[in-house]
Each structure stands twice: as C-alpha cells, then as structure tokens.
Amino acid sequence: MPDSGYYEKIPRPESIAHFEKVISDHKMVMMLDKVEKQVYFVLRRGKPAIKVFLTNIYIVSTTDVFEITSSHDGITCIVTMSMWNSYSSDAKEYAKERGIGLFRFGEFMGALYYEGNKFLDYIPPERRRN
C-alpha cells in the first residue's frame, strides 16, 4: 500500500527502530531517550550530550535545517536516516555555523566519538582526502 508521501520527511518505523538499536548499543552512548516523535537525547561517555532530530529528507537543504531548528528547541544534531539520503554543502555549512551537526546515519555513528568542531566536521575515513 502506498504511503502517500508520509515518509518523505519522517523516517520509516524500521529506520527508527534501527537507529534506536544501533545507537543504544554504541560504545560511546550511555543513554538514549526519545523526547519527541523524531527527537532523541543522547548521553555520551565523556562527551557532551546531544539532542538529535531524525529525518528522512532526501537532500537536506538550508531551509530544512532552519525549519527543523526553529520548530524544535535545543537541537544539536540532524541525522537523515536512509542510506540514499544526503544534504547540500550549503546546509552542512549553515548547520555548522549554528553549532549543529548535520549527518547521514553512518557519519553520525563516527561523529559520536568527537565534540566541538571535530564533531561538526566529521567525515568518515572512506570519504577523507589524504
């Protein structure tokens, strides 16, 4: 049955379940707490806690970052869940200027080890230029 675009911005239930399982089991995570439908509080070991907004936007834009952060107080990270999803370079820079991490799910997994600019700038090893 078609979903009529319902999952255009909201992650699919299986994506949310995957996020909860993988992040709960991540060695840097002490606690994962669902705050709202798409918002999670992540308490990390030896690092600042983060408030994560999950989305299923195909390519997160600057406007999307603005709308998400304007609608949800204290968001420090936005994660687009599908492996086909991404974000524009302008959106990444806009988020970073505001102290917000913008990641694909796999990137987020690595970024959990860092804080500050290392968190905001995290790029997985396979995408780094040597």
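The values are calculated or read from the model by the stated rules, or taken from the named source; none is laboratory data. Remember, predicted model here, so these are calculated numbers, not experimental data. Virtual Cβ from ideal backbone geometry, glycine too; neighbours counted across all protein chains shown. We work out accessible area using only protein heavy atoms, side chains counted, and drop any ligands, DNA or RNA first. Shrake-Rupley method; radii C 1.70, N 1.55, O 1.52, S 1.80 Å.
The residue list Asp73, Asp64 contains one member that is touching a helix residue (DSSP H, G or I) at 6+ places or on another chain (Cβ under 8 Å), among the acidic types (Asp, Glu) and under 24 Å from Asp121 (Cα atoms), which is Asp64. Within the range 84-93, does at least one residue satisfy the condition of being over 13 Å from the mean Cα position of the chain (by Cα) and acidic (Asp, Glu)? Checked the range 84-93: at least one residue is over 13 Å from the mean Cα position of the chain (by Cα) and acidic (Asp, Glu).
Within the range 116-130, take every residue that is in a helix (DSSP H, G or I) and open to solvent by less than 40 Å² (accessible area, probe 1.4 Å) and give me the one that is nearest to Lys47 (Cα to Cα). By that ranking, first place goes to Phe119.
A count restricted to the range 11-41 and to residues that are within 14 Å of Gly110 (Cα to Cα), in a strand (DSSP E or B) and within 13 Å of the chain's Cα centre (by Cα) stands at 0. Please indicate, with yes or no, whether at least one residue in the range 17-37 is crowded, with 17+ Cβ neighbours inside 10 Å and of a type in the set (Lys, Arg). The answer is no; no qualifying residue exists. Considering the range 63-82, the residues that are under 23 Å from Lys21 (Cβ atoms) and hydroxyl-bearing (Ser, Thr, Tyr) include one that is surrounded by the most Cβ atoms within 10 Å (Cβ to Cβ), namely Thr80.
For the range 83-92, state whether one or more residues are open to solvent by less than 10 Å² (accessible area, probe 1.4 Å) and assigned to a helix (DSSP H, G or I). Yes: the range 83-92 contains one or more residues that are open to solvent by less than 10 Å² (accessible area, probe 1.4 Å) and assigned to a helix (DSSP H, G or I).
Residue count for the range 93-115 satisfying the condition of being open to solvent by 50 Å² or more (accessible area, probe 1.4 Å) and either closer than 20 Å to Asn56 by Cα or free of Cβ contacts under 8 Å to residues at least 40 places away in the same chain (or both): 6. Answer yes if at least one residue in the range 102-121 is under 11 Å from the mean Cα position of the chain (by Cα) and of a type in the set (Asp, Glu), and no otherwise. Yes: one or more hits.
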